[in-house]
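Note sheet for the following structure.
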Amino acid sequence: MKFLLCGLGSIGKRHLNVLRNLGEKEFFCLRSGNSEVRTPGDVIELRSISEAAGAGITAALITNPTSLHVETAIELAKQGIAIFIEKPLGKDHSGIHELSRICEEKNIPVLMGYNFLHHPAIHFMHKLVNEGKAGKVISARAQFGTYMPGWHKGEDHTRSYAAQKHLGGGVVLTSIHEQNYLSSFFGEVAEVKAMETKGNTTGIECEEGIEILMRHESGVLSSVHLNFFQKPYYRNCQIIGTGGTIFWDFMKPVVKFMNADHTDVWKLGAGAFELLEESYRNQMIHFIEVAKREVHPVAGLKEGIRDLEVALKIINEIGRN
């Protein structure tokens, strides 16, 4: 297959390396001519998406700033190219309906870049929930904390897309994984409330910490804590049901089931960041299958729109719209 990368920042390079390791060899990238990022030697530069169709490209990865996702996807869809869109779908409603219409009319496969849906721990927890291991689920709690200034050594974090409102930054959109996988577990969000943390510790212009409360249509009440100021990196999920509690610790990495009588512990094999890499690998394998129209996407454009709608309600709730 021939792949077009629309953006060669850190996440674009990550996906490129995964594709290389999967044995793919034909890569193109969309360059404006203004970027300071060097194009790898095995990647052919293109100046426009119209050139991509002429080059026989059948699959594209959108890994540019969030604010450019939808307009890039529209142009790719017009050319009949299968699309991978790094999360989130966009920063607002602009262009969403046009993109949806074109993809439906042209039957364009779209996969949203929610790599945690391909993470072994998320798969295992979902399996336990579906099997009724915890009984009837009543509530769930997901937490994610990271120290944003330490993401890329030697770089000014306040200039990154995640720090700038006009590029679609902020912890709600950038860290949308928890909202997404809780919706995949428990269904559509019927009601949402949120409060932002006080005090700007990272110097960014967007929200850096938030508490979110979601009522799912299934009746499950879930809460999410997200922040850009936590040291060290932290991620977990707790699911509470009538028969016990399921708990995932990202860093261990383990999944536990606990009730009044006993505790079951499942060690997930490799280390935390090895499993994270596995999630990216699994995701690209799935995208290749989606692009070839062999399978339906685990999270397509519909899910991307759903999650963006909820995220925008959260941002509106804290007065950041």
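The values are calculated or read from the model by the stated rules, or taken from the named source; none is laboratory data. A quick note: this is a predicted structure, and the numbers were derived from the prediction, not measured. A quick note on method: Cβ atoms are made from the backbone with ideal geometry, for glycine too, and the neighbour counts reach across all protein chains shown.
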**Message:** So, residue 122, is that one surrounded by fewer than 17 Cβ atoms within 10 Å (Cβ to Cβ), within 30 Å of residue 216 (Cβ to Cβ), aliphatic (A, V, I, L, M) and assigned by TED's automatic domain parsing to the domain that holds residue 206 or not?
**Reply:** no
**Item:** segment 104-115: number of residues that are surrounded by fewer than 23 Cβ atoms within 10 Å (Cβ to Cβ) and either closer than 20 Å to residue 257 by Cβ or among the hydrophobic types (A, V, I, L, M, F, W, C) (or both)
**Value:** 1
**Prompt:** Hey, any hits in segment 214-225 for a residue that's free of Cβ contacts under 8 Å to residues at least 24 places away in the same chain and touching a strand residue (DSSP E or B) at 6+ places or on another chain (Cβ under 9 Å)?
**Reply:** yes
**Request:** Among the residues of segment 284-300, write down those that are in contact with an Asp or Glu (Cβ under 9 Å, 6 or more places away or on another chain) and in a helix (DSSP H, G or I).
**Result:** 284, 288
**Asked** If you check 318, 305, which single one turns out to be surrounded by 16 or more Cβ atoms within 10 Å (Cβ to Cβ), modelled with pLDDT of 95 or more and over 16 Å from the mean Cα position of the chain (by Cα)?
**Response** 318
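Per-residue answers, yes or no, for (1) under 30 Å from residue 243 (Cα atoms); (2) in contact with a Cys (Cβ under 9 Å, 6 or more places away or on another chain); (3) not aliphatic (A, V, I, L, M):
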position: 80; (1), (2), (3): no, no, yes
position: 83; (1), (2), (3): no, yes, no
position: 101; (1), (2), (3): no, no, yes
position: 137; (1), (2), (3): yes, no, no
position: 145; (1), (2), (3): yes, no, yes
position: 148; (1), (2), (3): no, no, no
position: 151; (1), (2), (3): no, no, yes
**Residue identified as under 19 Å from the mean Cα position of the chain (by Cα), aliphatic (A, V, I, L, M) and under 20 Å from residue 69 (Cβ atoms) among 167, 182** = 167
**Asked** Any residue in segment 250-272 that is surrounded by 16 or more Cβ atoms within 10 Å (Cβ to Cβ) and in contact with a Cys (Cβ under 6 Å, 6 or more places away or on another chain)?
**Response** no
**Message:** Can you find a residue that is farther than 28 Å from residue 303 by Cα, surrounded by 20 or more Cβ atoms within 10 Å (Cβ to Cβ) and touching a helix residue (DSSP H, G or I) at 6+ places or on another chain (Cβ under 9 Å) anywhere in segment 203-214?
**Reply:** yes
**Message:** Just the residues that are out of contact with any helix residue (DSSP H, G or I) (no Cβ under 7 Å at 6 or more places or on another chain), assigned to a helix (DSSP H, G or I) and not small (Gly, Ala, Ser), please, taken from segment 252-279.
**Reply:** 273, 274, 276, 277
